[in-house]
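Take a look at the structure set out below.
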């Protein structure tokens, strides 16, 4: 069937077409009017990747675009999770509100727990989406405009609380773990300090009991002030020898240098007594003194191991080996102190993060009760029904025409019969035309030729 033939059929069966279109449009209009109204409330949430209350986020690099989109999608998944929906049900006490249950379309009696069925219904009526920006649009629709706004805002609050809990819970566990670790690290530090203090006390006791030289103590031998004073005294003695040879011991210049050298010796003895007093005080209090350099650790530990393995009692009085033992004990204290300080810093960060009261999510614009219903959309439904009715009417006309074929033009007659068409009388506002004059028809004789 050509388009022109369809138009002729449509004109002939116009009533069928009009009835079909009118029926569809009227049905859509009645359904739109009878359809229950649904109101949609929208809350906008701003999600930022920075975190002002976390000490561990200070050096966080900027997110790449793909990472940012993935992060926002994760936030959308959290917002539309059953955990957040269940928190909304409990915060608003929806299970004890028959009006809310009716507005949400949830029956009190039904299969399964009421709370789970209510959670499922809330998630069906919640739509959350995001775009290229950092704003998440959360939309909730139900039959009550005020309830829709209330539930939308409740979803925003429950989502923020859930994000805060997800961030605080791991740091709270980390803080508790660091509490246990600090006890062990503190015990190791105190043990290392006690060993070093005992060694210092033993060294001082050996020095006092045997009248040994102060130079045998590592604290004295490695003290920079004492070393400088010793060098000055040696230079003064060398100069005294030179002056004694040149001028004699009674010369004024010799007497002046001798006096200066005596003052240096007095300062040296006072500094040695000061260091010894500090060693004794630190040993009694259990606090090691930080006076030993850290060079040659591998060699020193090797020598100490050789001394211990040999178990030679004479080696115990060797100043060099005692100095190596002091270095090892002191480095053990420093290592324990560093471990304890590092754990303490992490513990402080975890404690602060676990007490955070805000997240990187904020409500940009809270939901308000809508004035007009979101559904039904009467204008849209009528427009769609007109299109649908037109297509249905056209299909009905085509089917009826195929079922009951009519001759409505010369072309239809030619298709229906093999007889030649002589003329078309009137029809479609055109004058009568002969077959021979029509450009579309071949010329045939009206009567057979006589012989």
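The values are calculated or read from the model by the stated rules, or taken from the named source; none is laboratory data. Small disclaimer: the values here were computed from a predicted structure and weren't measured. Glycine gets a Cβ as well: all are built from the backbone with ideal geometry, and neighbour counts include every protein chain shown.
Observations
Quick grid of which residues meet (1) more than 21 Å from residue 84 (Cβ to Cβ); (2) free of Cβ contacts under 8 Å to residues at least 12 places away in the same chain; (3) surrounded by fewer than 17 Cβ atoms within 10 Å (Cβ to Cβ):
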residue	(1), (2), (3)
97	no, yes, yes
128	no, no, no
153	no, no, no
166	no, no, yes
169	no, yes, yes
174	yes, no, no
187	yes, yes, yes
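- Residue tally, condition over 24 Å from residue 366 (Cα atoms) and either outside the structural domain of residue 44 (by TED's automatic domain parsing) or out of contact with any strand residue (DSSP E or B) (no Cβ under 9 Å at 6 or more places or on another chain) (or both), over segment 96-141: 15
- Just one of the listed residues (351, 443) is farther than 28 Å from residue 125 by Cα and either assigned to a helix (DSSP H, G or I) or modelled with pLDDT of 85 or more (or both), and it is 351.
- For beta carbons closer than 6 Å, sequence separation of 6+ or different chains, a first residue in segment 53-75 that is under 14 Å from residue 130 (Cβ atoms) and not assigned by TED's automatic domain parsing to the domain that holds residue 349 and a second that is modelled with pLDDT of 70 or more and surrounded by 13 or more Cβ atoms within 10 Å (Cβ to Cβ), the qualifying pairs are 72/130; 75/47.
- Residue match in segment 105-115 (condition: under 23 Å from residue 368 (Cβ atoms), in contact (Cβ under 8 Å) with a residue 24 or more places away in the chain and more than 26 Å from the chain's Cα centre (by Cα)): yes
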